[in-house]
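Peer 1: Just dropping this structure here.
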Amino acid sequence: MRSMFSNKTPAAATPDKRAPVHVGVIMDGNGRWAAARGLPRIEGHRRGLEALRGAVRAAIDFGLDYLTVYSFSVENWSRPQEEISDLLGLLKFFIRNDLADLRKADVKVRIIGRRDDLKPDVRALLAEAEATTRDCGGLTLIVAFNYGARQEIAAAARAIAEDARAGRIDPSAVDAAYFASRLDAAGAPDPDLIIRTSGEQRLSNFLLWQAAYSEFVFLPMHWPDFDRKAFAAALAEYGQRERRFGGSAPAVSVAGG
Ligand code: IPE
Ligand code: IPE
Ligand code: MG
């Protein structure tokens, strides 16, 4: 059976070296999208979930290897209780409803963020999503839930310090690569591109370490309006960027190679 996430035609592999491998998305503006229509915020979050499904489909079709989506920050607990339970309800609905389709579409789900302060039923669902798709080899969908980059970095530092105190590691071996290997999404390449909707131009505690050399595209539209066309335009914008990683500007080729 075909999955709702698979394309009608096989994904056209675009062997474009300017195509990003890993895209991060800050899905912002659900509340304002709803307010502009006189709707409750939950309706914006529901439409936001639709947009997320579309973004996963598009990421598969565009041939991305990794898509990381920011769905709930550690700071989002400061929202009204009713909105928090709506957001948790949508996360549960997404996993229960879409997990089988994600697996059929060969999507490997990984969750980053703090698990220990989540309720057992939510923790169990997150674990199930990862276990069910463990052997999938297509797109890796990294869901940042109850995530905060500062908390992630502090937790890695704490774990390394404990290992050093117990004599398991030599402090002189802790370099940037080793540190990265202790972060939540260890093994995933850094995001090449980070897209944020809603017009805000900030990271809001998303992937602070991993974004060291990411390109940024800020879109004025709210997340529920983010569609395949907007995604393609952001990738095209990325394709125009010149990434230097601290080096000099690349020499213009005169040999046509
Ligand atoms: C993004 O939309 C969803 C989450 C942060 C969970 P918002 O809920 O932040 O919507 P705005 O920014 O208030 O419009
Ligand atoms: C960032 O959006 C978090 C998510 C998209 C999940 P926020 O709406 O929480 O960020 P701020 O408060 O505008 O910086
Ligand atoms: Mg917001």
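The values are calculated or read from the model by the stated rules, or taken from the named source; none is laboratory data. Keep in mind it's a predicted model, so treat the numbers as computed, not measured. Every residue, glycine among them, receives a Cβ derived from its backbone with ideal geometry; neighbour counts consider all protein chains shown.
Peer 1: Conditions first: (1) more than 16 Å from ligand 3 (Cβ to nearest atom); (2) free of Cβ contacts under 8 Å to residues at least 12 places away in the same chain. ILE153 passes all but one, so which condition is the exception?
Peer 2: For ILE153, the failing item is (2).
Peer 1: While we're looking at this one, here's another question. Hey, among the residues in the range 167-195 that are touching an Asp or Glu at 6+ places or on another chain (Cβ under 7 Å) and in a loop (DSSP other than H, G, I, E, B), which one's nearest to ligand 2 (Cβ to nearest atom)? Give the derivation first.
Peer 2: Filtering the range 167-195 down to residues touching an Asp or Glu at 6+ places or on another chain (Cβ under 7 Å) leaves 169, 183-184, 192-193.
So of that shortlist, the ones also in a loop (DSSP other than H, G, I, E, B) come out as 169, 183-184, 192.
Working: ILE169: 33, LEU183: 18, ASP184: 15, ASP192: 19 Å.
The qualifying residue nearest to ligand 2 (Cβ to nearest atom) is ASP184.
Peer 1: List, please: which pairs have Cβ atoms under 6 Å, are six or more places apart or on different chains, and start with a residue in the range 219-233 that is closer than 17 Å to GLY24 by Cβ and end with one that is modelled with pLDDT of 95 or more and more than 12 Å from ligand 1 (Cβ to nearest atom)?
Peer 2: PHE231/ALA58
Peer 1: Considering each residue of the range 109-127, count those that are at pLDDT below 95 and surrounded by 12 or more Cβ atoms within 10 Å (Cβ to Cβ), and give that number.
Peer 2: The qualifying residues number 0.
Peer 1: To continue, here is another question. What are the residues in the range 201-230 that are over 23 Å from ALA149 (Cβ atoms) and more than 16 Å from ligand 3 (Cβ to nearest atom), if any?
Peer 2: Selection gives ASP227, ARG228, LYS229, ALA230.
Peer 1: Can you work out which of the residues in the range 34-89 that are part of a helix (DSSP H, G or I) and touching a Gly at 6+ places or on another chain (Cβ under 6 Å) is farthest from ligand 1 (Cβ to nearest atom)? Walk me through it before giving the result.
Peer 2: Residues of the range 34-89 that are part of a helix (DSSP H, G or I), as a first pass: 34-35, 41-61, 74-78, 81-89.
Pick out the ones that are also touching a Gly at 6+ places or on another chain (Cβ under 6 Å) and you get 34, 41, 44, 74.
On the way: ALA34: 8, ARG41: 6, GLY44: 6, VAL74: 12 Å.
Top of the filtered list is VAL74.
Peer 1: Going by the conditions given, is GLY44 surrounded by 16 or more Cβ atoms within 10 Å (Cβ to Cβ), without any contact (Cβ under 8 Å) to a residue 24 or more places away in the chain and within 13 Å of ligand 2 (Cβ to nearest atom)?
Peer 2: No.
Yes/no matrix, rows are residues, columns are (1) buried (at least 22 other Cβ atoms within 10 Å of the Cβ); (2) away from ligand 3 (no atom under 15 Å from the Cβ):
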residue: GLY29; (1), (2): yes, no
residue: ALA36; (1), (2): no, no
residue: ASP61; (1), (2): no, yes
residue: SER73; (1), (2): no, no
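Peer 1: Something else: Cβ contacts < 6 Å: first residue assigned to a loop (DSSP other than H, G, I, E, B), restricted to the range 196-208; second residue surrounded by 13 or more Cβ atoms within 10 Å (Cβ to Cβ) and polar (S, T, N, Q), any location; separation 6+ or different chain. Result?
Peer 2: What qualifies is ASN205/SER73.
Peer 1: For the range 209-222, name all the residues that are of a type outside the set (Ser, Thr, Tyr) and in a loop (DSSP other than H, G, I, E, B).
Peer 2: TRP209, GLN210, ALA211, ALA212, LEU219, PRO220, MET221, HIS222
Peer 1: Could you pull out the residue among ASP225, ASP192 that is away from ligand 1 (no atom under 16 Å from the Cβ), modelled with pLDDT of 95 or more and not hydroxyl-bearing (Ser, Thr, Tyr)?
Peer 2: ASP192
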